[in-house]
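The values are calculated or read from the model by the stated rules, or taken from the named source; none is laboratory data. Note that the coordinates shown come from a computational prediction; the quantities given were computed from them, not determined experimentally. Here the Cβ positions follow ideal geometry from the backbone for every residue, glycine too, while neighbour counts run over all protein chains shown. Quick note on the areas: whole protein, heavy atoms, side chains included, nothing else; ligands and nucleic acids left out. Shrake-Rupley method; radii C 1.70, N 1.55, O 1.52, S 1.80 Å.
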Amino acid sequence: MICRVCDAPESALELAIDLGSQPWANHFLRPEEVGTEPFYPLRVLFCRECTTAQLDYTVPKETMFSDHTYLSGVTKSLSDHFARVAEQVDRDVGADRPKKSVLDIGSNDGTQLKHFQRLGWDVLGVEASRTTAAIANEAGVETVHAFFNEELVRSLGRTFDVINAAGVFFHLEELHSVTDGIRLALAPDGVFVVQFLYMQRILENCAFDQIYHEHLLYYNLRTIEALLTRHGLALFDATLSPIHGGSIIAYAGHAGRRAPTERLQTMRAEEDASGANELETYRRFARQIETMKQENLAFLESAKAQGKRIFGMGAPVKGNTLLNYFGVGRQFLDCLVEKNELRRGMVSPGMHLPILIERELPTPPDVYYVLAWNFKREILANNADLLARGTEFFFPVNPKDA
Ligand SMILES: [Zn+2]
């Protein structure tokens, strides 16, 4: 094991957080698969050289991304976010270009690219899940079913004004080949738009459930810059978005083409001041996770003792990290309630909680234990009537930006 970003040797990697052995969180089980799911170590290491937080164990990408059931078009706030990103990029990058093209890496069902199409962009998606790529193509968003890497870029034989990578940049097993592929596919004055969960916010919010096997890397501005610099790219601007409980939308170009904005320089300074790139902050985070576990179990035990029925709200991938690490199963929750109908009849990995579809519920519970906490505002707004009738909503994580 060497650092995934800077190649520092194993002796530079400190074990920061150990979440035990966990199943692959994105693999919701069919009833016949229950009990057969494999478990893998889930541990975060901190690199003392480049300060990047990263998992030490890699579940093979073919296992992870061939048939996932996450669809980005499902929630309204996510769809709104995609619309805003397309508009922002169109304004910032597309304004002076008569013809403009965008490549989306990990394009999912094409939701992001549809917003670019609407603004007159020529679009191409790359998506590793066959099912999801097919959905995108049927919806008129040209999508290649493949893993993005240098070899794929060579086969495309063209460059793009914008390359977008939302939330995929921490999945990547072939990190260096992918980053080289981005540089090759980026037009000379092109802009690479990279969106990632902001580790500084994960630490601040104690959102440890964002740690799961798909997320091999946990970036701050300083660490993504270390990676991009290695591959001839340079960050020149960034903004913070509330999506996923706190994400960065950063712009990079070919190295030496643009000076960093004042906004980026301010964000770097704030990040440094927060201690987000220091091992001691990770040590404190590990202690906070333990406290949070005790508090959550105390809440659930007390609610059960009062005879309350508790359902999980949402079946997000991250919810499985939380449920499995806390040991929250059928002794507390009757089920997980989901909008995504692709998950009908499935069971959560590890804790084996059955998934029910929200609009098909016969009666609401006394308590919703909200796993999809990053949609806090949307959930509270959509459930005003339940709240009025006394259903309680418990948020294990309370993000600063949501
Ligand atoms: Zn490193």
Answer in debye to the nearest 20: the dipole magnitude of segment 104-232 about its Cα centre, from +1 Lys/Arg and -1 Asp/Glu charges placed on Cβ, is 180 debye
Over all directions, the average projected area of the alpha-carbon convex hull for the chain comes to how many nm²? 19.4 nm²
In Å, the Kirkwood estimate of hydrodynamic radius for segment 114-162 over Cα pairs equals 11.6 Å
Among 246, 156, 323 the positive-end extreme of the charge dipole of the chain (Cβ point charges): 246
Helix 317-326 sits at what angle to the longest principal axis of the chain, using alpha carbons and giving 0 to 90 degrees rounded to 10? 50 degrees
SASA check, residue 100, accessible area w/ 1.4 Å probe, all protein chains in place, rounded to nearest 10 Å², comes out at 40 Å²
One would report the antiparallel percent of DSSP beta bridges in the chain, rounded to the nearest 5, as 50 percent
Determine the dipole magnitude for segment 252-302: charges of +1 sit on the beta-carbon of Lys and Arg, -1 on that of Asp and Glu, nothing else is charged, the reference point is the Cα centre, and the result goes in debye to the nearest 20. 320 debye
Average Cα contact separation per residue, the chain, under 8 Å, 6 or more apart, as relative contact order %: 16 percent
Probe 1.4 Å, all protein chains present, accessible-area order of 215, 244, largest first: 244, 215
Given a 1.4 angstrom probe, I'd like the percentage of the accessible area of the chain that is carbon and sulfur, rounded to a whole number. 51 percent
Just to confirm the number: angle between the C-alpha axis of helix 279-305 and the first principal axis of the chain, 0 to 90 degrees, nearest 10? 30 degrees
Residue span residue 118 to residue 342: 0.36 nm per residue of separation minus Cα-Cα distance leaves a gain in nm of 77.9 nm
Give the cysteines in the chain for which no other Cys Cβ lies under 4.7 Å away, or write none if there are none. 206, 335
Would you tell me the accessible area of residue 313, worked out with a 1.4 angstrom probe on the heavy atoms of the protein chains, in Å² to the nearest 10? 10 Å²
Directionally averaged shadow of segment 285-367, computed from the convex hull of its alpha-carbon atoms, nm²: 5.6 nm²
Can you pull the accessible area of residue 317 for me, 1.4 Å probe, Å² to the nearest 10? 10 Å²
Extending each Cα 7 Å along its Cβ direction at residue 270 and residue 96, get the distance between those two points in nm, one decimal. 2.9 nm
So how tilted is helix 76-89 from the main axis of the chain? Cα-based, degrees 0 to 90, rounded to 10. 10 degrees
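Which percentage, to the nearest 5, of the DSSP beta bridges contained in segment 1-154 is antiparallel?
Of the beta bridges lying entirely in segment 1-154, close to 60 percent run antiparallel.
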Might you tell me the accessible area per residue for the chain, computed with a 1.4 Å probe and given in Å²? 40 Å²
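Treating the beta-carbon of each Lys and Arg as +1 and of each Asp and Glu as -1, no other charges, what is the dipole magnitude of the chain about its Cα centre, to the nearest 20 debye?
580 debye
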Farthest toward the dipole's positive end in the chain, which of 352, 396, 137, given Cβ charges of +1 (Lys, Arg) and -1 (Asp, Glu) about the Cα centre? 396
Considering only 110, 363, 93, whose Cα is most displaced toward the positive end of the charge dipole of the chain, charges sitting on Cβ of Lys, Arg (+1) and Asp, Glu (-1)? 363
Subtract the Cα-Cα distance of residue 298 and residue 230 from 0.36 nm times their separation in residues, and report this length gain in nm to one decimal. 19.8 nm
One finds the C-alpha centres of segment 295-364 and segment 222-261 to be spaced, in Å, by 37 Å
Label points 7 Å out from Cα along the Cβ direction at residue 6 and residue 284: separation in nm? 2.2 nm
